[in-house]
Each structure stands twice: as structure tokens, then as C-alpha cells.
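Novice: My questions all concern the structure below.
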Amino acid sequence: LVNLIPRFYDIKFGSINIDGIDIKNYSLDSLRSNISMVFQDNFLFSDKIRNNIAFSNRDLDHSLIEDAAKFADVHDNIMNFEDQYDTISGERGVTLSGGQKQRISIARAYIKNAPIMILDDSVSAVDIKTEETIINNIKTLRKGKTTILVASRVSTVSSLDKIIVLNDGEVEAFDSHKNLLKTSPTYARMVFLQELEKEVE
């Protein structure tokens, strides 16, 4: 679903509109320059962490790079490295944990300051507390912009404005957490099972 928005492939029927305009009427450069995306498979270059975060613009002031890292709740981790922001991440981020790679990728997407940001299952490797921090930062620091999160954990999406529930490739419901508990059997079951899992743990 999210791969349709930047036109990685096109739909055959209907249309996808941004601000009331069919995305096919935008040039690909214009469309994609207004979207930042974090993929499930986080790709980091074998380069300094600062350069991985500032990939969209290497001339950015270091304070903006730090702000982006704080947004993604990875600044403290970076400061604990011997070379801090000059730490070389290694090919595909091999020297970093899965959660650190995800958060550096989120910082890289955030620093672009795009009107639309898509996080494709991008907080799955972080703990609940870190996830909450990132979501709170999205609400505060990206207010007025569109942020789309793909997630299977209810805790990731429950406080968001609107939630799309997909079931076998179809949109089952599109509403708030509170309303979905009443109107979406799939969502209600996910909530029940994940709460049960917490109790068992």
C-alpha cells in the first residue's frame, strides 16, 4: 500500500490523490522529493553516522543532525560510542544493533523535513519505551505534516489520529483506535491477543 504513494508501481484502476491532485500529475522527482521513507530493511552506508543521517544534504549543520537523532531517540546511544557521530557504521550498519539501525534510518528520514513521511514497520526492533518516545516526537515535531506508520503492534498505532486496518489485502476499516474496537473485528482481535500475550509474559 505505501509503495503506491511514491509510485514505485502504479495502480491500474482509480487514483491516489495528494492535496486533491492525482499523483500521476506530479513529476516523479517532485513527488518523491516530498516524501521521506524508512523501509523495513534499513540500509546504512559504510560511512560516519553523521553522514548516514545527513544523506539528503551533507551540508546540514551538526545541530540539525543531533536534533534528528534526538527525534529518533538514538542521540544518547551515539554519544556513548567512542567516536560519537564520527563512528563508522560499517557495511549495511553491521556494527550497530537492529534498533540503532532503525532509529538512525528514522533520523535520516526526519531530517529531510518532507511533508509526507512513511515508516514501514520501522520501530519493530525497539523497546516499547523508545517507541513511545518516537511516536510522541512525531506528534509534536511533525504536527501539520502527514506521517504514515506501518505496524503490527497495536501499541504503535493506538494513539494515532486514524488507523487503516488491512485484512487479506482489503481495507476492513479506517477510524480511530476507540471506534475500531467497536467496528473492526480484526482490530479488536489483535488488541485482545496482544493484551493476552502481555499478561502471559
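The values are calculated or read from the model by the stated rules, or taken from the named source; none is laboratory data. Only a predicted model underlies this, so the values are computations on that prediction, with no experimental measurement involved. No Cβ is skipped: glycine too gets one built from the backbone with ideal geometry, and neighbour counts run over all protein chains shown. Each accessible area value is taken on the protein alone, full model and side chains, heavy atoms only, with ligands, DNA and RNA left out. Shrake-Rupley method; radii C 1.70, N 1.55, O 1.52, S 1.80 Å.
Novice: Between region 27-50 and region 61-77, what is the C-alpha centre distance in whole Å?
Specialist: The distance from the Cα centre of region 27-50 to that of region 61-77 comes to 17 Å.
Novice: Using a probe radius of 1.4 Å on heavy atoms only, what accessible surface per residue do you get for the chain? Whole Å² is fine.
Specialist: The answer is 59 Å² per residue.
Novice: What residue among GLY98, GLY14, GLY90 has the largest mean-square fluctuation in a Gaussian network model of the chain, using Cα springs under 10 Å?
Specialist: Among GLY98, GLY14, GLY90, the largest GNM mean-square fluctuation belongs to GLY14.
Novice: Pick from LYS162, LYS139, LYS129: which is most flexible by mean-square fluctuation in a GNM of the chain where alpha carbon atoms under 10 Å apart are linked?
Specialist: Result for the chain, Cα springs under 10 Å: LYS129 fluctuates most.
Novice: What dipole magnitude, in Debye to the nearest 20, does region 82-201 give about its Cα centre under +1 on Lys/Arg Cβ and -1 on Asp/Glu Cβ?
Specialist: The calculated dipole for region 82-201 is roughly 580 debye.
Novice: Quick one: Cα centre-to-centre distance for region 5-22 and region 101-117, in angstrom?
Specialist: A separation of 22 Å, based on Cα centres.
Novice: Can you tally the lysine pairs in region 56-181 where the Cα-Cα distance is under 19 Å and the two residues are eight or more apart, or on different chains?
Specialist: Close lysine pairs found across region 56-181: 17.
Novice: Where both partners of a DSSP beta bridge lie in the chain, what percent of those bridges are antiparallel, to the nearest 5?
Specialist: Rounded to the nearest five, the antiparallel share is 45 percent.
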